[in-house]
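Visitor: Please read through the structure below; I'll follow up with questions.
The values are calculated or read from the model by the stated rules, or taken from the named source; none is laboratory data. Since this is a predicted model, take the numbers as computed values, not measurements. A quick note on method: Cβ atoms are made from the backbone with ideal geometry, for glycine too, and the neighbour counts reach across all protein chains shown.
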Amino acid sequence: MNLFLRISAIVRFCFFTGLILISLGCLSGMFLVFHMVKDLPKLPSPLSKIIETPQTRIYASNGQVLISLGERQAVSLDMVSKNFIHAILATEDHLFFGHRGINKLRTLKGLFVTLTSPTGKVEGASTITQQLAKNLFFSF
(Lines give C-alpha, C1' and ligand atoms only; values in the text may rest on other atoms or scores of the structure.)
Protein backbone atom coordinates (compact mmCIF):
# COMPACT_ATOMS: atom_id res chain seq x y z
CA MET A 1 0.00 0.00 0.00
CA ASN A 2 2.86 2.36 0.78
CA LEU A 3 4.30 1.86 -2.73
CA PHE A 4 0.93 2.68 -4.26
CA LEU A 5 0.77 5.97 -2.33
CA ARG A 6 4.28 6.92 -3.45
CA ILE A 7 3.52 6.18 -7.11
CA SER A 8 0.22 8.04 -6.84
CA ALA A 9 1.97 11.06 -5.33
CA ILE A 10 4.62 11.03 -8.09
CA VAL A 11 1.98 10.77 -10.82
CA ARG A 12 -0.01 13.62 -9.26
CA PHE A 13 3.14 15.74 -8.96
CA CYS A 14 4.08 15.10 -12.60
CA PHE A 15 0.54 15.81 -13.77
CA PHE A 16 0.22 19.12 -11.94
CA THR A 17 3.77 20.18 -12.85
CA GLY A 18 3.00 19.48 -16.51
CA LEU A 19 -0.30 21.34 -16.21
CA ILE A 20 1.47 24.37 -14.72
CA LEU A 21 4.18 24.29 -17.41
CA ILE A 22 1.59 24.06 -20.19
CA SER A 23 -0.36 26.95 -18.64
CA LEU A 24 2.79 29.07 -18.39
CA GLY A 25 3.61 28.24 -22.01
CA CYS A 26 0.12 29.27 -23.14
CA LEU A 27 0.32 32.52 -21.17
CA SER A 28 3.75 33.27 -22.63
CA GLY A 29 2.42 32.58 -26.13
CA MET A 30 -0.57 34.86 -25.57
CA PHE A 31 1.72 37.62 -24.25
CA LEU A 32 3.95 37.24 -27.30
CA VAL A 33 0.97 37.43 -29.69
CA PHE A 34 -0.46 40.53 -27.98
CA HIS A 35 2.97 42.13 -27.93
CA MET A 36 3.43 41.53 -31.67
CA VAL A 37 -0.12 42.63 -32.61
CA LYS A 38 0.47 46.19 -31.47
CA ASP A 39 3.09 46.59 -34.22
CA LEU A 40 0.77 45.51 -37.04
CA PRO A 41 -0.54 48.24 -39.33
CA LYS A 42 -4.02 49.53 -38.51
CA LEU A 43 -6.89 49.45 -40.98
CA PRO A 44 -8.21 52.86 -42.02
CA SER A 45 -11.40 53.88 -40.25
CA PRO A 46 -13.67 53.84 -43.29
CA LEU A 47 -12.70 50.52 -44.83
CA SER A 48 -13.73 51.79 -48.27
CA LYS A 49 -10.72 54.12 -48.13
CA ILE A 50 -8.51 51.16 -49.04
CA ILE A 51 -9.79 51.00 -52.61
CA GLU A 52 -9.75 54.76 -53.10
CA THR A 53 -7.09 55.52 -55.64
CA PRO A 54 -6.82 58.91 -57.22
CA GLN A 55 -7.82 59.33 -60.80
CA THR A 56 -5.15 59.82 -63.41
CA ARG A 57 -5.54 63.28 -64.89
CA ILE A 58 -3.92 64.36 -68.13
CA TYR A 59 -3.27 68.08 -68.30
CA ALA A 60 -2.69 70.37 -71.25
CA SER A 61 0.30 72.72 -71.29
CA ASN A 62 -1.95 75.55 -70.03
CA GLY A 63 -2.98 73.52 -66.93
CA GLN A 64 -6.45 72.58 -68.17
CA VAL A 65 -7.55 68.99 -67.50
CA LEU A 66 -7.90 67.16 -70.82
CA ILE A 67 -9.16 63.83 -69.53
CA SER A 68 -9.54 61.93 -66.26
CA LEU A 69 -8.91 58.19 -66.30
CA GLY A 70 -9.69 55.57 -63.70
CA GLU A 71 -12.96 56.78 -62.26
CA ARG A 72 -14.36 54.09 -59.98
CA GLN A 73 -17.97 53.42 -59.21
CA ALA A 74 -19.22 50.98 -56.61
CA VAL A 75 -21.31 48.17 -58.07
CA SER A 76 -23.43 45.86 -55.96
CA LEU A 77 -22.50 42.20 -56.11
CA ASP A 78 -25.84 41.15 -57.59
CA MET A 79 -25.05 43.29 -60.65
CA VAL A 80 -21.87 41.29 -61.34
CA SER A 81 -22.31 38.31 -63.65
CA LYS A 82 -21.79 34.87 -62.07
CA ASN A 83 -19.70 33.94 -65.12
CA PHE A 84 -17.38 36.87 -64.40
CA ILE A 85 -16.99 35.78 -60.75
CA HIS A 86 -16.25 32.19 -61.80
CA ALA A 87 -13.76 33.40 -64.44
CA ILE A 88 -11.87 35.41 -61.80
CA LEU A 89 -11.88 32.43 -59.43
CA ALA A 90 -10.67 30.08 -62.17
CA THR A 91 -7.82 32.45 -62.99
CA GLU A 92 -6.74 33.46 -59.49
CA ASP A 93 -7.61 30.52 -57.23
CA HIS A 94 -9.25 27.52 -58.87
CA LEU A 95 -9.43 25.69 -55.52
CA PHE A 96 -11.23 28.60 -53.80
CA PHE A 97 -14.21 26.49 -52.72
CA GLY A 98 -11.99 23.60 -51.58
CA HIS A 99 -10.02 25.32 -48.81
CA ARG A 100 -10.71 27.74 -45.98
CA GLY A 101 -8.48 30.59 -47.11
CA ILE A 102 -5.08 28.90 -47.11
CA ASN A 103 -4.15 26.17 -49.55
CA LYS A 104 -1.75 24.29 -47.29
CA LEU A 105 -0.31 21.96 -49.92
CA ARG A 106 0.36 24.79 -52.37
CA THR A 107 1.93 26.91 -49.60
CA LEU A 108 4.28 24.06 -48.65
CA LYS A 109 5.22 23.54 -52.30
CA GLY A 110 5.93 27.25 -52.74
CA LEU A 111 8.05 27.27 -49.59
CA PHE A 112 9.94 24.17 -50.73
CA VAL A 113 10.67 25.60 -54.20
CA THR A 114 11.71 28.95 -52.74
CA LEU A 115 14.09 27.38 -50.20
CA THR A 116 15.62 24.74 -52.48
CA SER A 117 15.93 26.57 -55.79
CA PRO A 118 19.60 27.06 -56.70
CA THR A 119 18.70 29.98 -58.99
CA GLY A 120 16.89 31.88 -56.25
CA LYS A 121 13.47 31.32 -57.80
CA VAL A 122 10.67 32.58 -55.59
CA GLU A 123 7.34 30.84 -56.00
CA GLY A 124 4.10 32.26 -54.68
CA ALA A 125 1.27 30.27 -53.22
CA SER A 126 -1.24 32.89 -52.20
CA THR A 127 -4.96 32.34 -52.39
CA ILE A 128 -7.48 35.10 -53.00
CA THR A 129 -8.03 35.28 -49.24
CA GLN A 130 -4.30 35.71 -48.60
CA GLN A 131 -4.09 38.37 -51.33
CA LEU A 132 -6.98 40.26 -49.73
CA ALA A 133 -5.31 40.14 -46.31
CA LYS A 134 -2.04 41.36 -47.82
CA ASN A 135 -3.80 44.21 -49.61
CA LEU A 136 -5.83 45.16 -46.54
CA PHE A 137 -2.84 45.36 -44.21
CA PHE A 138 0.05 46.42 -46.43
CA SER A 139 -1.36 48.57 -49.24
CA PHE A 140 -2.18 51.86 -47.57
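Visitor: If you go through the stretch 92-123, how many residues are among the aromatic types (Phe, Trp, Tyr) and within 19 Å of Ala133 (Cα to Cα)? Before you say what the answer is, go through the steps one by one.
Guide: Start the filter on the stretch 92-123 by keeping residues that are among the aromatic types (Phe, Trp, Tyr), which leaves 96-97, 112.
From the residues that got through so far, the ones that are within 19 Å of Ala133 (Cα to Cα) too are 96-97.
Selection size over the stretch 92-123: 2.
Visitor: Just a yes or no: is a residue in the stretch 46-58 in a loop (DSSP other than H, G, I, E, B), in contact with a helix residue (DSSP H, G or I) (Cβ under 9 Å, 6 or more places away or on another chain) and either modelled with pLDDT of 80 or more or within 25 Å of Gln130 (Cα to Cα) (or both)? First the steps, then the outcome.
Guide: At the first step, the residues of the stretch 46-58 found to be in a loop (DSSP other than H, G, I, E, B) are 46, 52-55.
Filter once more, keeping what is in contact with a helix residue (DSSP H, G or I) (Cβ under 9 Å, 6 or more places away or on another chain): none.
No; the residues of the stretch 46-58 include none that is in a loop (DSSP other than H, G, I, E, B), in contact with a helix residue (DSSP H, G or I) (Cβ under 9 Å, 6 or more places away or on another chain) and either modelled with pLDDT of 80 or more or within 25 Å of Gln130 (Cα to Cα) (or both).
Visitor: I need the full set of residues from the stretch 114-137 which are without any contact (Cβ under 8 Å) to a residue 12 or more places away in the chain and hydrophobic (A, V, I, L, M, F, W, C), in order please. Reasoning before the result, please.
Guide: From the stretch 114-137, those without any contact (Cβ under 8 Å) to a residue 12 or more places away in the chain are 114-122, 126, 132-134; that's our starting set.
Scanning the stretch 114-137 gives Leu115, Val122, Leu132, Ala133.
Visitor: Restricting attention to the stretch 95-104, which residues are loosely packed, with under 11 Cβ neighbours inside 10 Å and part of a helix (DSSP H, G or I)?
Guide: Within the stretch 95-104, the first condition is being loosely packed, with under 11 Cβ neighbours inside 10 Å, and the residues that meet it are 97-98, 100, 104.
Within the stretch 95-104, Phe97, Gly98, Lys104 qualify.
Visitor: Name the single residue, out of those in the stretch 105-132 being part of a helix (DSSP H, G or I) and among the hydrophobic types (A, V, I, L, M, F, W, C), that is farthest from Leu89 (Cα to Cα). First the steps, then the outcome.
Guide: From the stretch 105-132, those part of a helix (DSSP H, G or I) are 105-116, 128-132; that's our starting set.
Those left that are additionally among the hydrophobic types (A, V, I, L, M, F, W, C): 105, 108, 111-113, 115, 128, 132.
Details: Leu105: 18, Leu108: 21, Leu111: 23, Phe112: 25, Val113: 24, Leu115: 28, Ile128: 8, Leu132: 13 Å.
It comes out as Leu115.
Visitor: Conditions first: (1) closer than 28 Å to Pro41 by Cα; (2) surrounded by 10 or more Cβ atoms within 10 Å (Cβ to Cβ); (3) among the charged types (D, E, K, R). Lys109 passes all but one, so which condition is the exception?
Guide: In the conditions (1) closer than 28 Å to Pro41 by Cα; (2) surrounded by 10 or more Cβ atoms within 10 Å (Cβ to Cβ); (3) among the charged types (D, E, K, R), Lys109 misses (1) alone.
Visitor: Restricting the stretch 67-91 to residues that are over 22 Å from Gln131 (Cα atoms) and charged (D, E, K, R), which is modelled with the highest pLDDT?
Guide: This residue is Asp78.
Visitor: Looking at the stretch 105-140 only, could you name the residues that are under 17 Å from the mean Cα position of the chain (by Cα) and modelled with pLDDT of 85 or more?
Guide: Within the stretch 105-140, Leu108 is the sole residue that qualifies.
Visitor: Among the residues of the stretch 64-94, how many are out of contact with any strand residue (DSSP E or B) (no Cβ under 6 Å at 6 or more places or on another chain) and either hydrophobic (A, V, I, L, M, F, W, C) or part of a loop (DSSP other than H, G, I, E, B) (or both)? Please lay out each step first, then the result.
Guide: Taking the stretch 64-94 and keeping what is out of contact with any strand residue (DSSP E or B) (no Cβ under 6 Å at 6 or more places or on another chain), we get 64, 71-94.
Checking which are either hydrophobic (A, V, I, L, M, F, W, C) or part of a loop (DSSP other than H, G, I, E, B) (or both) leaves us with 64, 71-77, 79-81, 84-85, 87-90, 93-94.
Qualifying residue count for the region: 19.
Visitor: Return yes or no: is Val37 surrounded by fewer than 10 Cβ atoms within 10 Å (Cβ to Cβ) and over 30 Å from Lys121 (Cα atoms)? Break it down stepwise before answering.
Guide: On the way: surrounded by fewer than 10 Cβ atoms within 10 Å (Cβ to Cβ): yes; over 30 Å from Lys121 (Cα atoms): yes.
Here the answer is yes, as Val37 does meet what is asked.
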